Amino acid sequence: MKRPLWSSHQERDKWLLAAPDKLLADCVLSEFQASGPGGQKRNRKYSAVRLRHTPSGIESVSVAGRSQIANKRDALEKLRRRIALHIRSTEKPRMPERFDISTRNPQYPMFLASLFDTLCSCGFRFKDSAEIIGVTPSVLTRKLKKDPEAWQLAQQWGRALSEEGR
């Protein structure tokens, strides 16, 4: 299992809030042919996109769309979320300002980063994290379950930390 990367709030937040062209400038872009359903256009064209964020080493891939432009946009969104999930701050966690934010909201990666900083500072103990944030553990769990990648990562890191503590 991959361990979280560590950075400062300023550096990570700069990446999360960067304009798409600025974030793309920090990435290595690879185009490739996707396989699977989608017809002849998908199988013949280099429409799939892989982005590797050079400063952090985090990658994201998008193959869902039939156009390279749509896949590039989708890969950038995925990259922001992966940065938020995998890069922890070295500073004291900031509490999310709002807890009722949608996963489609452009501010969601910032929310996710703050939430995971809090979870990490509490050793991924949901009860302690929920108390700090000011919600119940069940509300925190429901929020994480709305984002399958976030939920899976929180469970993995929580299990790994509890096994280390044994």
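The values are calculated or read from the model by the stated rules, or taken from the named source; none is laboratory data. Since the structure is predicted, the reported quantities are computational estimates derived from the model, not experimental observations. Cβ: placed from backbone, ideal geometry, glycine included. Neighbour counts: every protein chain shown.
When the residues of the range 62-103 are filtered to those that are in contact with a strand residue (DSSP E or B) (Cβ under 6 Å, 6 or more places away or on another chain), more than 15 Å from residue 150 (Cα to Cα) and aliphatic (A, V, I, L, M), which remaining residue is modelled with the lowest pLDDT?
63
Identify, please: which residue in the range 3-27 is surrounded by 10 or more Cβ atoms within 10 Å (Cβ to Cβ) and not in a helix (DSSP H, G or I) and is, among those, modelled with the lowest pLDDT?
4
Could you please find all residues in the range 58-106 being part of a strand (DSSP E or B), in contact (Cβ under 8 Å) with a residue 60 or more places away in the chain and either on the phi > 0 side of the Ramachandran plot or not aliphatic (A, V, I, L, M) (or both)? Don't jump to the end; show me each part of the working.
The first filter runs over the range 58-106 and keeps only residues part of a strand (DSSP E or B), leaving 59-62, 87-89.
Still in the running and in contact (Cβ under 8 Å) with a residue 60 or more places away in the chain: 87-89.
88, 89, listed by residue number.
Would you check if there is a residue in the range 133-149 being at pLDDT below 90, surrounded by 13 or more Cβ atoms within 10 Å (Cβ to Cβ) and not in a loop (DSSP other than H, G, I, E, B)?
Yes - at least one qualifying residue is present in the range 133-149.
Among the numbered criteria (1) without any contact (Cβ under 8 Å) to a residue 12 or more places away in the chain; (2) surrounded by 14 or more Cβ atoms within 10 Å (Cβ to Cβ), which one does residue 155 miss?
Failed condition: (2).
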